[in-house]
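This structure is in structure tokens; I'll ask about it shortly.
The values are calculated or read from the model by the stated rules, or taken from the named source; none is laboratory data. Remember, it's a predicted structure, so these values are computed and weren't measured experimentally. Backbone-built Cβ (ideal geometry, glycine too); neighbour counts: all protein chains shown. Just so you know, the surface numbers come from the protein's heavy atoms only, side chains and all, with ligands and any DNA or RNA stripped out. Shrake-Rupley method; radii C 1.70, N 1.55, O 1.52, S 1.80 Å.
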Amino acid sequence: KTSFFSGLTAMEKKLAEYKCNTNEAIQLKLVRFPEDLEDDNTTFNPEYSHQVFGDDEVAFGYKGLKILLYYIAGNLSTLFRIEYTSKVNEKFDCVEADDVESKIREIIPPGFCTNTDDFVSLLEKEVNFKPFGMLLHTYSIHNEEAGEDITYQIYKADMTCPGFREYHERLQTFLMWFIETASFIDVDDERWNYFLVFEKYNKDGATLFATVGYMTVYNYYVYPDKTRPRVSQMLILPPFQGEGHGAQLLETVHRYYMSSPTVLDITAEDPSESYVKLRDFVLVKLCQDLLCFSPVKLMQGFSQEMVTEAQQKLKINKQHTRRVYEILRLRATNMGDAEQSRSYRLDVKRRLIGPYKKKQRELAKMRRCLRPEEMTNQLNQIDLNLQREQLEESFQQLVSDYRRVLERLAQA
């Protein structure tokens, strides 16, 4: 290492000091009161900034770079400012600092404030902000810190709501910082539905609303007269994560579509691991009281009755119903009983082995063309051992995921 560094010129060393990690430099805030501006506890940082600043998530040319993106908690009016202690200049033999400002301007809509005074005067008008659309669900969560129950509401909005289009433009900028492969959607396509979560809070005796998170759902057409809503994006803003809002939102959206006779079932686009865990919890919660999932029926195995009932009553597709069945069957199984546990393991592994078997058949086909008989057998043998290990690993991982869902269910 020393030889490498001693090989660096003084210039290169100096330039290295002007690199900033953009995940740390970007400071986000959701502001309710003027004093939030100075309070470090209200600041949070992005998880990702590669979509704006490249894979290494670095901005070059500044020392002490701060990219301030402050949002008024409700309508998300934005303050955008850049601060730094020093910046490279032309003396640094033709090295130019990154144009941080134009990179941020590409993703945040125009009309933002650049100074704090303007922002604070907008904050005073926030009392006029009301949620968009139609109220679907109200719930409350006990907040330890505040020592009281806080009320939240979920609304369904669309682009015909006055002011919603502009609000949504500001809201979707958060996707870039918290969803790894985020992209903005085509809001002129009327098949999009928007579901928004707000917190009610008090300020000087008035009730105000703060943005908590949202979900976008696309309604795919299914021949001849049905739709298949597909969850596209879902984000609970970091200050509210881990409080159960995701589950409330997903369950509310499910219930909204359940009431519609034209909806076939609900899917999701390229779901993340955390979304799958959330969905497992919500779907199991919805399904556990269906007759087809009674302990007796669970022990008889996965059935068409389960598929039909879950789809018709709860708009859950076959693949997700199968997972629900496995989770509920685990709850009904005494894993300490050798016979019951063996039966459960075989049942789940039979599903898990499907893709392996398909791959096996394809490999066998290829090898028949390429290799002498005895080699094929040996290779298949190796494959089978490896396959058994992988299968066992997948099974153990699933069971531990399923147990977490059941723990959460027991607490709900």
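Return the sequence-ordered ³J(HN,Hα) values of the range 228-241 in whole Hz as given by the Karplus equation 6.51 cos²θ - 1.76 cosθ + 1.60 applied to θ = phi - 60°, using x for Gly and Pro.
Values per residue, Gly and Pro as x: 10, x, 10, 5, 9, 10, 8, 9, 9, 5, x, x, 10, 5 Hz.
Highest GNM mean-square fluctuation, the chain, Cα pairs closer than 10 Å: which of GLU362, GLU339, GLU57?
Largest GNM mean-square fluctuation: GLU362.
Let me ask another. Considering only protein heavy atoms and a 1.4 Å probe, what is the carbon-and-sulfur percentage of the accessible area of the range 265-408? List each step's numbers first, then the result.
On the way: 4430 of 8620 Å².
With neighbouring chains kept in place, the figure for the range 265-408 is 51 percent.
Okay, moving on. Using the Karplus equation 6.51 cos²θ - 1.76 cosθ + 1.60 (θ = phi - 60°), what ³J(HN,Hα) coupling, rounded to whole Hz, does each residue of the range 341-356 give in order, writing x for Gly and Pro?
Ordered by residue, 3J(HN,Hα) equals 5, 5, 4, 5, 4, 4, 4, 6, 5, 4, 6, 5, 7, x, x, 4 Hz.
Follow-up question, since we're still on this one. Suppose every K and R has +1 on its Cβ and every D and E has -1 on its Cβ; what is the size of the dipole of the range 130-270 about the Cα centre, in Debye to the nearest 20? Let's see the in-between values first.
On the way: 11 positive and 20 negative charges, 76 e Å.
Dipole magnitude for the range 130-270 comes out near 360 debye.
For the chain, what does the accessible surface come to per residue with a 1.4 Å probe? Please give it in Å².
Numbers: 22450 Å² over 412 residues.
Dividing the accessible area of the chain by its residue count gives 55 Å².
For the range 15-126, what's the radius of gyration and Dmax over Cα atoms, in angstrom?
That works out to 15.0, 49 Å for Rg and Dmax.
Out of residues 5 or more away from TYR84 or on other chains, whose amide H comes under 5 Å of its own, with H placed 1.01 Å from N in the peptide plane?
Result for TYR84 returns LYS66.
Please report the projected area of the chain's Cα convex hull averaged over all directions, in nm². Working shown, then result.
Working: hull surface 122.4 nm².
Answer in nm², one decimal: 30.6.
Give the residue from GLY244, MET176, PRO261 lying farthest towards the positive end of the charge dipole for the range 130-270; charges sit on Cβ (+1 for Lys and Arg, -1 for Asp and Glu) and the dipole is referred to the Cα centre.
PRO261
What does the helix-only formula give at 222 nm for the chain: each DSSP H stretch with n ≥ 4 adding -39500 (n - 2.57), the total divided by the residues, and the result rounded to the nearest 500 deg cm²/dmol? Walk me through the numbers on the way to the answer.
Numbers: 15 runs with 184 residues, N = 412.
The helix contribution divided over the chain gives -14000 deg cm²/dmol.
At 37 °C and 0.692 mPa s, what whole-number value in µm²/s does Stokes-Einstein give for the translational diffusion of the range 263-354, with Rh from the Kirkwood sum over Cα pairs? Kindly include the intermediate steps, with their values, before the conclusion.
Working: Rh = 13.8 Å.
So the translational diffusion coefficient is about 239 µm²/s.
I would also like to ask the following. Mind telling me which of GLU148, GLU243, GLU180 comes out most flexible in a GNM of the chain, alpha-carbon contacts under 10 Å?
So, out of GLU148, GLU243, GLU180, the one fluctuating most is GLU148.
Regarding the range 130-270, what's the average projected area of the Cα-atom convex hull, expressed in nm²?
On the way: hull surface 38.1 nm².
Taking a quarter of the hull surface, the average projection is 9.5 nm².
Once phi is turned into ³J(HN,Hα) by the Karplus curve 6.51 cos²θ - 1.76 cosθ + 1.60 with θ = phi - 60°, what whole-Hz value does each residue of the range 399-412 show in order, with x for glycine and proline?
After applying 6.51 cos²θ - 1.76 cosθ + 1.60, I find 4, 6, 4, 4, 4, 5, 4, 5, 4, 5, 5, 5, 8, 5 Hz.
For the chain, give the magnitude of the charge dipole about the Cα centre (Cβ charges: +1 Lys/Arg, -1 Asp/Glu; no others), in debye to the nearest 20.
The calculation lands at about 2300 debye.
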